[in-house]
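The structure appears right after this line, and notes come after that.
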Amino acid sequence: MTKARSLHHLTGLLPFLVPALLTGGGVALPLLYLVLRALEADPETLKEILLRPKNLELLGNTLALLLGVLALTTLLALPLAFLTTRTDLKGKRFLAVLLTLPLAIPGYVGAYVLLAATGPGGLLPLPRPEGYWGALLVLSLITYPYLFLSLRAAFLGLDPSLEEAARTLGAGPWRAFFQAAFPQLLPALLSGYLVVGLHVLGDFGTVSLLRYETFSYAIYLQYNAAFDRVYAAWLALFLLLFTGGLLLLEGLLLRPLSLARTGKGSGRRAKPIRLGAWTPLAYLLLLVPILLALALPFYALFHLASRFPRESLSGLLEALGHSALAAVPAAFLAVGMALPLAYLGVRYPSPASRLLERVAYLGYAVPPLAFALAWIFLSLRTFPFLYGTLPLLVLVLAFHFLAESLGPVRGALYQVPKRLEEAARTLGETPTRAFFRITFPLLWRGAAAGGALAFIGAVKELPLTLLLAPMGYATLATRVFGYTQEAMFAEAAPFALLIALLSAAFVGVLLWSERRF
């Protein structure tokens with residue numbers, strides 16, 4: 001490469017490299033400081049922290065919940081994906097959309113509905129399932145759609161010739177499926193397990209409201225109630241190690257499966273299986289999660305919201321305004337940070353650009369409470385004037401939901417021909433002007449989708465808001481959490497209902513616009 005071309009290349013790179021490096025540093029630096037903060041403990045204190053029996057109890061509780069949710073979501077998602085792709089049922093696409101909509105219910109809203117609908121005076125004559133079983137039920141019902149979507153896409157891409165070959169060799173339909181088709185589903189299963197697992201490890205609202213101690217719940221108690229910030233930092237590190245182990249395990253298992261895959265996909269769909277007399281049972285199975293994870297929560301929310309005193313409407317509007325005041329700038333900032341990262345990854349692919357993208361995803365993979373704690377320690381040490389302010393909350397929300405904005409922006413950028421920018425450069429435009437005048441107007445769909453995902457994520461976000469919001473800054477999420485902790489279910493209902501309706505609307509629009517089904 002000549003000197004002139006190198007200079008030209010560097011000139012085009014710098015306007016995007018600097019903000020990308022700042023974004024990567026904003027995600028990674030607080031986590032590094034969290035490690036340094038934890039290591040500040042003296043040797044005796046460190047030994048006492050590491051040998052506490054409570055650590056093993058929290059590890060056992062967290063692992064039990066993780067494995068339980070993975071097992072129950074598999075029992076739900078696998079047959080649901082099969083029925084909506086491989087059978088002759090009518091209305092499969094519509095049912096698939098309904099089966100995906102429980103994504104709109106945040107975990108703490110699901111826990112609130114469970115507590116409000118059961119027990120004395122509840123809508124259902126059932127004992128209140130707190131603790132492990134309550135957390136298992138709620139987290140499974142709100143996370144199974146991630147596994148369902150992954151498996152459904154895999155079913156639609158299966159090569160039917162493999163099953164047909166097994167059938168010609170004398171295998172029955174079930175044996176042919178498990179021998180020929182199921183191995184092709186394992187990568188989708190592992191990918192879905194990773195997303196579900198990250199949600200379980202990062203969940204705080206569900207386990208805290210249902211009184212089941214995991215690492216996330218213990219971090220909050222140590223920081224907010226016991227004021228043992230060194231132990232809170234170590235608990236956050238334990239949770240980060242748990243999360244890192246899950247990411248590593250998924251990568252180790254997925255690599256050999258990807259290399260050894262026997263199916264390569266097919267444009268031909270498998271012939272639908274006729275269910276015959278089993279059709280009513282299949283519809284019943286499809287309706288059970290829709291009723292439990294969608295119909296019941298919305299019915300309970302509307303029913304309880306009807307008891308909400310009208311004179312408290314101002315509190316609802318105030319919480320909505322506070323949520324929007326944090327979520328709207330966080331969404332714009334997340335898209336703004338995603339643009340240079342996506343541009344470098346698409347226009348200048350290299351190991352360095354891929355590393356920056358991975359760091360950006362780290363901000364989403366890290367459990368929110370650990371991420372919030374890292375930012376608290378960093379801000380108190382380096383810029384204390386920002387601690388407990390709205391700008392810090394907006395900044396951390398943007399870093400956390402950056403990954404959700406990055407995917408749509410990058411996908412849209414792939415569809416914009418590079419030659420358009422090159423033509424503008426030959427006409428004398430600078431790289432930055434060429435990007436904003438030529439490329440950016442063609443990215444608006446991806447940017448809008450990324451911003452919508454970041455916005456609704458920020459509206460629903462509970463742990464980051466609880467720890468980082470200014471004193472007395474009540475949002476929809478914190479109002480639901482606060483009222484539910486005090487068993488004030490009618491007061492919490494309008495706030496929870498508004499979150500669920502906003503989330504359902506955004507999920508529905510995104511599903512329709514992407515035409516996934």
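The values are calculated or read from the model by the stated rules, or taken from the named source; none is laboratory data. This structure is a prediction, so every number in the text was calculated from the model and none was measured. Every residue, glycine as well, gets a Cβ built from its backbone with ideal geometry; the counts of neighbours run over all protein chains shown. Just so you know, the surface numbers come from the protein's heavy atoms only, side chains and all, with ligands and any DNA or RNA stripped out. Shrake-Rupley method; radii C 1.70, N 1.55, O 1.52, S 1.80 Å.
Some notes on this structure:
- Scoring 69-78, 91-100 by mean Cβ neighbours within 10 Å over their residues and listing the highest first yields 69-78, 91-100.
- Per residue, the accessible area of region 449-504 comes to 28 Å², computed with a 1.4 Å probe over protein heavy atoms only.
- Within-10-Å neighbourhood charge of A41 [Cβ basis; K, R +1; D, E -1]: -2
- Solvent accessible area, Å² - D88, 1.4 Å probe, full protein context: 50 Å²
- In this view, the solvent-accessible surface of E318, computed with a 1.4 Å probe and all protein chains in place, comes to about 90 Å².
- Quarter of Cα convex hull surface for region 275-420, i.e. mean projection, nm²: 16.3 nm²
- FRET efficiency for the A505 to L442 pair, using the beta carbon distance and R₀ = 35 Å, is estimated at 0.85.
- Region 28-147, accessible surface, carbon-and-sulfur percent (1.4 angstrom probe): 73 percent
- Size of region 277-363: Rg and Dmax of its alpha carbons, in Å, are 22.8, 58.
- Histogram of C-alpha separations across region 323-363, 10 Å bin width, %: 29, 44, 21, 7
- Charge sum, other residues only, whose C-beta stays under 15 Å from L70's C-beta, Lys/Arg counted +1 and Asp/Glu -1: -2
- Separation of the L275 and L124 label points, Cα + 7 Å toward Cβ, nm: 2.2 nm
- The GluC sites (Glu not before Pro) of region 34-89 meeting both criteria, a DSSP state outside H, G, I, E and B (loop) and at most 15 other C-beta atoms within 10 angstrom of the site's C-beta, are E40.
- Taking every protein chain into account, the 1.4 Å probe leaves T118 with about 10 Å² of accessible area, to the nearest ten.
- Rg/Rh (Cα only; Kirkwood hydrodynamic radius) as it applies to region 34-88: 1.40
- Rounded FRET efficiency, nearest 0.05, which uses the C-beta distance separating L59 from F94 and R0 of 30 Å: 0.10
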